[in-house]
Structures are given as C-alpha cells and as structure tokens.
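The values are calculated or read from the model by the stated rules, or taken from the named source; none is laboratory data. Treat the numbers as computed from the prediction; the structure is a model and nothing was measured. Heads up, the Cβs are rebuilt from the backbone with ideal geometry, glycines too, and the neighbour counts pull from every protein chain shown.
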Amino acid sequence: MSRRQRLVFDKVGWKRSFIGASILLTVVLVASCGSSEGTALNSSTTVSTTTTLAPQQTQITYAAPYLPTNFNPNTPAGDLTVTRQIMTNIWPSVFYENSKFETVLNSSFVSSAELVSTNPEVIIYQINPQAQWSDGVPISASDFVYNWMAQSGDPQNTDLGGYPYLHNSTIGYSDIKSVTGSNGGKTVTIIFKKYFSEWEHLFNPIVPAHIATEVGWNLGFAIPSSNVEVSGGPYQISAYVPGQQIDLTRNPKYWGKAATIPKLVFLEDPNPQNYAAQFQNGTINLVDSPANNILYSGLKSLPTVKTKLVSSLTTEELIFNLSKTPLSDSKLRQAIALAIDRKSITSYAIGSYDSAAQPAGNNVYPPGVPQYQDNSGKYFRSDPKAAAALLTSDGYVRSSNGVMTKGGQPLVLTISVDSSNQQLLDVEEMIVQDLSAIGIVVNPVNYQLSNLEETILNHGAFDMAIVTQSGSADAAFHVSQYISAAAGSLDNYSGYSSSAANALIAKAATELDPGSSAAIYNQLDQLLWKDLPSLPLYSVPDVLAFSSGYNFIGASSRSSTIFWNSSTWSFITPK
C-alpha cells in the first residue's frame, strides 16, 4: 500500500458498537451473528486500573476512523495513520517531531544520538541502560541491526520462509553500510555509504527484533497477541476487539516516567457526523479529523468541548497520467492548470471555516511547515484566456460545438475521485466546468476508494484523479512519487520521469545542512510546477476537539499523529 493509500484509507472503516473495556489482556473476536470468542493476549497478566484520579481523568477515548489490521507501521499494510497513533506509544523511536516541527531526541530511550563524522557519515546512539521490552529482553543494538536489514532493500536479507521483506521505503536505510553494537549492546554505531541528511528520522519506530525473527516482519504483527505485542513504550495493548476498539494501558515494565492518563481507548467510527453526539453522551472525548462544515460547526457548538483548526499536512492534488495521450503533452497539462480556478475550489472546500485559506503552492512541503514556500507562480490564479490560447498554439482548434479538437479528434478526458466523498465529488464538478469553458470535455468516472487506490491508480487506468497526498518537514520520505519508476519508485502513479528531478532528490538526500536540503527540495518543487505531473489544489485543516480539562494535546507532523506526547497529557478540572 502506497502512502497515498494510507492517507485516503484514513477515511475508511467499519461500523462499530461500543463495548466496555476489559482490564484483562483479551482479544475478543465478535462475529456478525452476535456470538463471540475470546483469545487471551496474556492470560496470566492483568493491568491494574486502581487510581486516585477522578473517573473522567482515567481515560481518553479517541474516535478513530478505522482500526489497524497490521500493527507494524514499517510495512505497507501497517503504514496507516491510526497504526502509528497506536504504536508510537508501544514501540520506541530515537527521535520524534513535536507540534512546532522540531526534531526532539527521545531521551528516555536513548541518552544521546550524535553525528560524530561526516567522511564517512557516522552516527552513534547510546541506548538507555534501563531500556527493555516488556517481556524483560533488553533493547539493544540487535534491534537496530534487524530494523536496518529489514528496510535496507538488500535482496540477500529475507523474512521468514525466504520471502522478501515488505517495507514502506528503503530511504536512508539503503545508504547504511553497517550497524554494529558495543558496550553490551547499548552503544550503536552506524556507518553510511553516502551522506543521508535526514538520519534523525530513521528507526521510527523500532520493531522488537527478538519477536520479529520468530514471527516474521511482514505478517507476524497482523493480530495482537502475547508474543507479538511486546511494548517498549509507556503504554501496552490491553484489549482488542477487531473492528470496534483497542485499549492501551500503562506498561508496568516501562523504565521511564509513567503515563499520566492510565488508559487510552481507540473506538472505531468512520462517520465524523456522529462525533458531536458522542461527545455529548460521553462516548468519546477526543477527535482529530479532516475538517468539514458539519463536523466543525457541530463540535464548535458544544460548550464543554475545546475545538480548534490545526494545520493539515495532507493536500488534495489532481494527478495527471503522463503515460497516456493526450496528457503526455506538457502544454495540455499547463492549459488545464491555468484553467482550473484553484482559489474558488479552495474557498468552497474550506473557506467557510478558514477564510484565509489559499490554494496549495508546493508539491513537496505542505502549508504550515517552516520549509514551505509558494512556488505556483502563474498558476496561483486561473487564466482561462491564456489556457485557451495555449491549446491553440499546441494545434487544437475549437469546433462549432465548442470542443477543442486536434487532427479531427475531440479533446475528451476522464477524471476519477472517491465516489463516497461528497466534497471531492463537488470539487470534481467544479473542475469539469472550468475545463469545459476552454473546450475540454471531462467525463467523471468514479470508484469506491479501495478500487480507486488498489486497482485504478496502481494500473494506470485513469486520465486524471484527485488523491490525498501526505507531507511533512521530512521531505525525503515524501517525494518518492516524483522518482521515476526506472529509478526505483513504487508509487509513481503519474508516470513522471525526469532525470533532473531524480538528481535533485538524490542531491537533497545527501545534504547534511537542513537549510540547504530544503532549498534543493524547493528547487525540485519549482521543476514540478514546470513539468506538472500533478496540480496541488488545497490543504485541508484538521479539526482537533477534546473535552474541557485535558491539557497538552497537540498535533504533530512527524507521524501524522497527535499522540506523539500522549503519555504526558493531563487533566485539570475546569473552573
């Protein structure tokens, strides 16, 4: 599953019903007929919920659009937002990114992480001597070695049964020459074959090697059980009801500061229109969801709920299929980009609750991160006359019925969106009307989300499609769709191939100075605005809402999760 699929699947889930959480570590499998069968995660272990806190302070219940089906976020099947929201509390990472987009050392896990040499590039981690997995096995260099090998892309490294490792990306890991341990496994030395500027974003998170080598990297973490859900973080999974809810409770073996809130509950509900009523009846007390008018107005009207808009790190983009005629013609793509009124689209989509919103102006960095700059140039405002003139210069002639033709063939394209997303359907219609005005016929051919992502885009069976793109300040991990397929990209849906783009991406990845790296990525973005494999439309803000009294809840770009500091959240009784 590509990262596009991850972001779009955030809007998909299954209907759930509320079930009271058990303090036993139990997985309850609920059949559709209403019968159930319990499978213990660890039948000999219970988690005490004894607390001196008031009841409302003991639990945060989060409305999740879906629940994971694979708990290893470093695999394609597990690379989902909710998986990272959960596992950021379970498996440790060397660094995390806070709500100010600052990279911060996870000092409870590693006491230091230093770049000690640049020729060659050498990084040394000092693991906390007390760091251990919840089954008592020390966290050591062997965990780093295994995680590197699984994500290196080296075909000589294989999973159980000799199968290739399935990983989201080899970025950074493929540049590593060696990972070695010393000091009883608590010192880790990493030597790179070539410079990799964003080394701080590797090993996020660390999968327990002693478990993965027994159950497998690819499929071993598909279902929580006592042998796979070993924790190295402040929380552990204590109950799991597939398609309904997951409970996290304090990890009693965690060596760091205990989590302030004893319990986090993830309740599955894919319908944001339910959230206001669920706040009112006490079913949930935390929401982080892409904004829409109904959701925002409903939550904003609740006096005991704090509701705010936070910068989104995802962008709706119109992708062109460059592998098909006539969209392989750059002049046609330029004309389309000039004709589409991105300002009106942005105002319609999010203007009612974000009046200052502007069209997205960068393919690499989302609005809100420090590296963002608007490189859209002449495409910032629509210019239908210039678009029509460009088509004429490209050999198109407007027929008597108003349709552009070339060589006697009418200019007819298709556009595809998620058929269940009404806002995207409306945006699609606006694009159809804008292009009709310059003589381009556009026929909507829409699909259910899973079919659009897994079949249509993957097989290039489209002309244009609106997709949700993820982004962050870590550009190296979000530009693979602009690397040509011949150079190794696995999610280049547009068929874009540019040696100049490949070179800029490679150069930026080896630049150790963050400012210089960002400048190169913005050069890449300027090239993308020239070549137009896609057209950024708008960035959708998130609605963050939580019951009054909860403190320190904030959004982070690092793993698209607000849960980066959830172990420090607290409750103060409102006055």
* Which numbered condition S134 fails, given (1) hydroxyl-bearing (S, T, Y); (2) closer than 18 Å to F221 by Cα; (3) outside any loop (DSSP other than H, G, I, E, B) -> (3)
* Asked: Hey, among L537, L528, which residue is within 30 Å of L286 (Cα to Cα), at pLDDT 95 or above and either of a type in the set (A, V, I, L, M, F, W, C) or out of contact with any Phe, Trp or Tyr (no Cβ under 6 Å at 6 or more places or on another chain) (or both)?
  -> L537
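How many residues does the range 384-419 hold that are buried (at least 18 other Cβ atoms within 10 Å of the Cβ) and either in contact (Cβ under 8 Å) with a residue 40 or more places away in the chain or assigned to a loop (DSSP other than H, G, I, E, B) (or both)? Before you say what the answer is, go through the steps one by one.
First, the residues of the range 384-419 that are buried (at least 18 other Cβ atoms within 10 Å of the Cβ): 387-388, 390-391, 396, 404, 411, 413, 415-418.
Adding the requirement that they be either in contact (Cβ under 8 Å) with a residue 40 or more places away in the chain or assigned to a loop (DSSP other than H, G, I, E, B) (or both) leaves 387-388, 390-391, 396, 411, 413, 415-418.
Total meeting the criteria: 11.
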* Within the range 224-241, tally of residues that are modelled with pLDDT of 90 or more, hydroxyl-bearing (S, T, Y) and either more than 16 Å from V137 (Cα to Cα) or not in a loop (DSSP other than H, G, I, E, B) (or both) -> 3
* Report, by residue number, each residue of the range 341-362 that is in a helix (DSSP H, G or I) and surrounded by 19 or more Cβ atoms within 10 Å (Cβ to Cβ). => R342, I345, T346, A349, I350
* Asked: Can you spot a residue in the range 309-319 that is in contact with a helix residue (DSSP H, G or I) (Cβ under 8 Å, 6 or more places away or on another chain), of a type outside the set (S, T, N, Q) and farther than 26 Å from H478 by Cα?
  -> no
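Scan the range 515-525 and tell me whether some residue there is touching a strand residue (DSSP E or B) at 6+ places or on another chain (Cβ under 9 Å) and either farther than 22 Å from G368 by Cα or assigned to a helix (DSSP H, G or I) (or both).
Restricting attention to the range 515-525, the residues satisfying the condition of being touching a strand residue (DSSP E or B) at 6+ places or on another chain (Cβ under 9 Å) are none.
Within the range 515-525, not a single residue is touching a strand residue (DSSP E or B) at 6+ places or on another chain (Cβ under 9 Å) and either farther than 22 Å from G368 by Cα or assigned to a helix (DSSP H, G or I) (or both).
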* Could you tell me whether E121 is touching a strand residue (DSSP E or B) at 6+ places or on another chain (Cβ under 7 Å) and either at pLDDT 95 or above or assigned by TED's automatic domain parsing to the domain that holds L166 (or both)? => yes
* Asked: Across the range 242-263, what is the number of residues that are surrounded by fewer than 17 Cβ atoms within 10 Å (Cβ to Cβ) and not in a loop (DSSP other than H, G, I, E, B)?
  -> 0
* Asked: Is it true that V145 is aliphatic (A, V, I, L, M), surrounded by 15 or more Cβ atoms within 10 Å (Cβ to Cβ) and closer than 21 Å to N218 by Cβ?
  -> yes
* Name the residues in the range 502-519 that are free of Cβ contacts under 8 Å to residues at least 60 places away in the same chain, crowded, with 21+ Cβ neighbours inside 10 Å and in contact with a helix residue (DSSP H, G or I) (Cβ under 6 Å, 6 or more places away or on another chain), would you? -> L504
* Asked: Hey, among F196, F221, F266, F203, which residue is at positive phi, surrounded by 22 or more Cβ atoms within 10 Å (Cβ to Cβ) and either assigned to a loop (DSSP other than H, G, I, E, B) or assigned by TED's automatic domain parsing to the domain that holds T58 (or both)?
  -> F203
* Structure fact -> Restricting attention to the range 335-357, the residues that are in contact (Cβ under 8 Å) with a residue 60 or more places away in the chain and closer than 24 Å to T307 by Cα number exactly 7
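Listed here are the residues, each with its yes/no results for (1) within 29 Å of S312 (Cα to Cα); (2) of a type outside the set (G, A, S).
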| position | (1), (2) |
| --- | --- |
| E229 | no, yes |
| P234 | yes, yes |
| N251 | no, yes |
| G256 | no, no |
| I261 | yes, yes |
| F266 | yes, yes |
| Y275 | yes, yes |
| S289 | yes, no |
| N293 | yes, yes |
* Structure fact -> Note: among A209, A150, just one is buried (at least 20 other Cβ atoms within 10 Å of the Cβ), at pLDDT 95 or above and in contact with a Ser or Thr (Cβ under 7 Å, 6 or more places away or on another chain), namely A209
* So which residues in the range 77-105 are in a strand (DSSP E or B) and crowded, with 20+ Cβ neighbours inside 10 Å? -> Y96, E97
* Number of positions in the range 423-446 that are farther than 21 Å from L338 by Cβ, of a type outside the set (A, V, I, L, M) and in contact with a Phe, Trp or Tyr (Cβ under 9 Å, 6 or more places away or on another chain) -> 2
* A486 is checked against (1) part of a strand (DSSP E or B); (2) hydrophobic (A, V, I, L, M, F, W, C); (3) at pLDDT below 85 and fails just one. What number does that condition carry? -> (1)
* Yes or no: I171 part of a strand (DSSP E or B) and not hydroxyl-bearing (S, T, Y)? -> no
* Inspect all residues belonging to the range 462-476 and state whether any of them is among the hydroxyl-bearing types (S, T, Y) and either in a strand (DSSP E or B) or touching a strand residue (DSSP E or B) at 6+ places or on another chain (Cβ under 7 Å) (or both). => yes
